[in-house]
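The values are calculated or read from the model by the stated rules, or taken from the named source; none is laboratory data. What you see is a predicted model; the values in this text were computed from it and never measured. Cβ: placed from backbone, ideal geometry, glycine included. Neighbour counts: every protein chain shown.
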């Protein structure tokens, strides 16, 4: 039987009418045992070849038979997508049986659909996903002729939850939306997620569809289950026309969704153009708004720094957005720019007066964040703006120590750039000191406490960025490169709590002997 199934399906896919006739000729198409195979092939034929579908019907096959997904031939034909290929799951079925020579048009589908409708195929059956032939049409090809044929036969346009109108609006199918509205499809209906037809239309970004729906006096500020409004969807789509249309009809820019985001935040998060942002701000959207999300609570400016353009961020700053306002993690726009490698934003924020030494809840500066991800360009920009390599985070790490642990060459480059900038500035104050605070007292730096890099004769650089002239580096052997020492963490940081098993930034192993840790 498997051999028969395989041959019949291959003939249908290949659009070989004569082979289908030969295979169906000697069998009883009403045989219960053959129903699964025959149903699969019959339903498939509706998207392949109208003459094959016609032959199935001529030999008395059930017009409303369904495949494993409960799709009927009418549903497949209504999709309006003539199939020229198929995903083959049966390894025995050769790909050579698939005929790619036919153009992918809806000609065969429409022929099949007309015959099925003439023979009174059930219009309103739904598949496993609850989708009728009408829904599947607008969900797939959106073929206007097919929609008209189904509506002429009085198919049910009042399907519950996600209706054909929702799908048509969500795909920007202007003609189909007008057809469905004329057919009295419920314009007030909502999906299982609470989306209105207007939500779907705004997200699709088609102004003609939005205007057609607005003629029916729908609630312009209706909210879905996540408290999102149509204006938020339009802002997310970046459509100035739709945003302007909604604002002119009284859309509320102060509405916030379930995590506190406004339409303005949807716009900047999705990289909407400056004109969209301007229209929302001019309508008095709050440029200082912060999300209420328990994990981040990002501000409008932070969202813009992550996802938007320099022009948008410039505009927000000009309209009063607070340049150092942080999220729940204490991360300022500058720190965020460093984390996301937004060098353009870093430059803008630094030029606009952002605090270069602002820290997050872990005490990390923007420079530390750029070092952690080894972003040399960002580190350079921050150093040029006076970022300190000496500041310590909550774990006692500095930008210099992080750099040395991440990559010794990166650390050396960072320090070299720091020294070069210091010389260029002709600073009169020595930026380095001999002493460094430990966990409880002020005492000289010890070789056992830090990782050191030999710089000049009788000088050593601590991983905290400080110079000491009182230390002599351990003699270098063949395994060590240019006097760089990686010291066991329990000895390297007596001012850092290293009781945790895992290092907060990177994995450390003890590569050196006990005697090599001290001078």
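Selection of first residues in the range 245-269 that are on the phi > 0 side of the Ramachandran plot and of second residues that are assigned to a loop (DSSP other than H, G, I, E, B) and surrounded by 16 or more Cβ atoms within 10 Å (Cβ to Cβ), restricted to Cβ pairs under 6 Å at least 6 apart or on distinct chains, gives the following pairs, ordered by first then second residue: 260/291. The requirement of being under 20 Å from residue 284 (Cβ atoms) and in a helix (DSSP H, G or I) is fulfilled nowhere in the range 216-224; no residue meets it.
Looking across the range 260-294, the residues that are closer than 11 Å to residue 236 by Cα and surrounded by fewer than 24 Cβ atoms within 10 Å (Cβ to Cβ) come down to 269, 270, 271, 273. Quick one: in the range 325-347, which of the residues that are farther than 26 Å from residue 237 by Cβ and surrounded by fewer than 20 Cβ atoms within 10 Å (Cβ to Cβ) is nearest to the chain's Cα centre (by Cα)? The residue in question is 341.
Give the residue that is modelled with the highest pLDDT, with candidates limited to residues of the range 154-170 that are part of a loop (DSSP other than H, G, I, E, B) and buried (at least 19 other Cβ atoms within 10 Å of the Cβ).
Taking the range 154-170 and keeping what is part of a loop (DSSP other than H, G, I, E, B), we get 154-163.
If we keep only those that are buried (at least 19 other Cβ atoms within 10 Å of the Cβ) as well, we get 155, 157, 159, 162-163.
Values: 155: 94, 157: 91, 159: 69, 162: 80, 163: 91.
Among them, the one singled out is 155.
Taking the range 15-37, which residues are closer than 20 Å to residue 64 by Cα and assigned to a loop (DSSP other than H, G, I, E, B)? Residues satisfying the conditions are 27, 28, 29, 30, 31, 32, 33, 34.
Consider the range 175-207 and keep the residues that are more than 28 Å from the chain's Cα centre (by Cα) and outside any loop (DSSP other than H, G, I, E, B). The one that is nearest to residue 78 (Cα to Cα) is 176. From the list 6, 35, the one residue that fits, being touching a residue at least 60 places away in the same chain (Cβ under 8 Å), farther than 22 Å from residue 118 by Cβ, more than 40 Å from the chain's Cα centre (by Cα) and in the same structural domain as residue 116 (by the TED database), is 6. Going residue by residue through the range 139-153, is there one that turns out to be closer than 15 Å to residue 200 by Cα and surrounded by 18 or more Cβ atoms within 10 Å (Cβ to Cβ)? Yes, some residue in the range 139-153 is closer than 15 Å to residue 200 by Cα and surrounded by 18 or more Cβ atoms within 10 Å (Cβ to Cβ).
Inside the range 307-324, can you point out the residues that are surrounded by fewer than 21 Cβ atoms within 10 Å (Cβ to Cβ) and assigned to a helix (DSSP H, G or I)? Lay out the reasoning, then the answer.
Taking the range 307-324 first, the residues surrounded by fewer than 21 Cβ atoms within 10 Å (Cβ to Cβ) are 307, 309-311, 314-315, 317-320, 322-324.
Scanning the range 307-324 gives 307, 310, 311, 314, 315, 317, 318.
Please indicate, with yes or no, whether at least one residue in the range 294-306 is part of a loop (DSSP other than H, G, I, E, B), without any contact (Cβ under 8 Å) to a residue 60 or more places away in the chain and under 30 Å from residue 179 (Cα atoms). Looking for residues that are part of a loop (DSSP other than H, G, I, E, B), without any contact (Cβ under 8 Å) to a residue 60 or more places away in the chain and under 30 Å from residue 179 (Cα atoms), one finds none in the range 294-306, hence no. Residues that are at pLDDT below 95, part of a helix (DSSP H, G or I) and out of contact with any helix residue (DSSP H, G or I) (no Cβ under 7 Å at 6 or more places or on another chain) occur at least once in the range 91-100.
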